[in-house]
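See below for the structure under consideration.
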Amino acid sequence: MTKRTVWLLALAAVPAAAQGPMDLDRARVVDLSHAFDERTLYWPNAPSGFKLERLAFGPTPGGFFYSANAYAAPEHGGTHLDAPIHFAEGRRTADQLPLDQLIGRAFVIDVSAKADANPDYTLTREDVAAFESRHGAIPRGAIVLLRTGWGSRWPDRKRYLGDDRPGETSNLHFPSYGRDAAQFLVQTREVGVLGVDTASIDHGPSKDFIVHQIAAAANVPGLENVANLHEVPPTGAWVIALPMKIAGGSGGPVRIVALLPR
């Protein structure tokens, strides 16, 4: 099976009404995931970070080379997915999310200038209206990605989270979605996914995680710590965001790719 066939099968799973034309033979692929290593950022009160243990590396008695590792990590860190069960009892777990919800047209809303002026900035309903006035209404099932510019700060813990004290979550500062914008996108536009290039779909100072609550109640997953959004245009790209299929998981690492027309 060729790469083009795999992509065609994947896109075929998405409702036809949400599809836009793309020549997959000519599509440019952009990696929207940070690599996992000892520098990967996790929520400050996470009990641990990413750990990689070497089990084997080198020649074997049989004369061939062999390498194997063991890894351990919390679900929520690095480029990862928040499953709805993370903030809503009875909603979908990571393994229950439909694949066609995780593959769709990308709509990138850029608030980097406003976030640069205010690290606690939250996307407003007016921001969404301004975006739609230029690019058209965001369709049902879309993957909305909020570009704040924070991706350039990764993995500097102090600049990315606003605080680098271990275990401390009371003084975090980074931008993200606001309540009104999230309600409109989830409840009115019925988007499939909310993503952002910061540590959370709620902004740093949030105490009630209301955006998580709104999204999770509607079975809308979140993508956090998304990388390289500066390479994705406001419209015209497709995104494939497939998390580790953890049975019963509240989230997990995700490899996100964007397919861009040339």
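Here are the numbers:
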{"item": "³J(HN,Hα), Karplus 6.51/-1.76/1.60, whole Hz, each residue of the stretch 28-37, x for Gly, Pro", "result": "8, 9, 10, 7, 9, 10, 7, 6, 9, 7"}
{"item": "Longest to shortest principal axis, alpha-carbon extents of the stretch 77-191, angstrom", "result": "39, 36, 22"}
{"item": "Cα-centred dipole magnitude for the stretch 150-229, charges only on beta-carbon of K, R (+1) and D, E (-1), debye, nearest 20", "result": "120 debye"}
{"item": "Choice from ASP116, ASP202, ASP82 showing the highest fluctuation, given a GNM over the chain with Cα pairs closer than 10 Å", "result": "ASP116"}
{"item": "Against the rule of thumb 2.2 N^0.38 Å, how large the Cα Rg of the stretch 43-84 comes out", "result": "1.73"}
{"item": "Gyration tensor over alpha-carbon atoms, the stretch 180-238, equivalent ellipsoid semi-axes in Å", "result": "20, 16, 9"}
{"item": "Per-residue HN-Hα couplings for the stretch 94-99 [Karplus 6.51, -1.76, 1.60; θ = phi - 60°; Hz; x = Gly/Pro]", "result": "4, 7, 9, 5, x, 4"}
{"item": "Cα-Cα pairs of the chain separated by more than 24 Å (percent)", "result": "48 percent"}
{"item": "The stretch 43-114: Rg to Rh, with Rh as the Kirkwood radius over Cα pairs", "result": "1.16"}
{"item": "Charge sum, other residues only, whose C-beta stays under 11 Å from PRO84's C-beta, Lys/Arg counted +1 and Asp/Glu -1", "result": "0"}
{"item": "Under 15 Å, Cβ to Cβ, from ARG159 - net charge with Lys/Arg +1 and Asp/Glu -1", "result": "-1"}
{"item": "Volume of the Cα convex hull of the stretch 140-262, divided per residue and given in Å³", "result": "118 Å³"}
{"item": "The chain, dipole about Cα centre (Lys/Arg Cβ +1, Asp/Glu Cβ -1), debye to the nearest 20", "result": "540 debye"}
{"item": "The stretch 67-135-the stretch 157-180 distance, computed between alpha-carbon centres (Å)", "result": "16 Å"}
{"item": "Lys/Arg +1, Asp/Glu -1 at C-beta; the stretch 133-176 dipole; positive extreme among GLY149, ASN171, TYR160", "result": "GLY149"}
{"item": "³J(HN,Hα), Karplus 6.51/-1.76/1.60, whole Hz, each residue of the stretch 156-170, x for Gly, Pro", "result": "6, 4, 5, 6, 7, 9, x, 7, 10, 7, x, x, 8, 10, 8"}
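Every number here is computed from the coordinates shown, using simple stated rules; none is lab data. All values derive from a computational prediction rather than experimental measurement. Cβ coordinates were reconstructed from backbone atoms using ideal geometry, including for glycine residues, and neighbour counts include every protein chain displayed.
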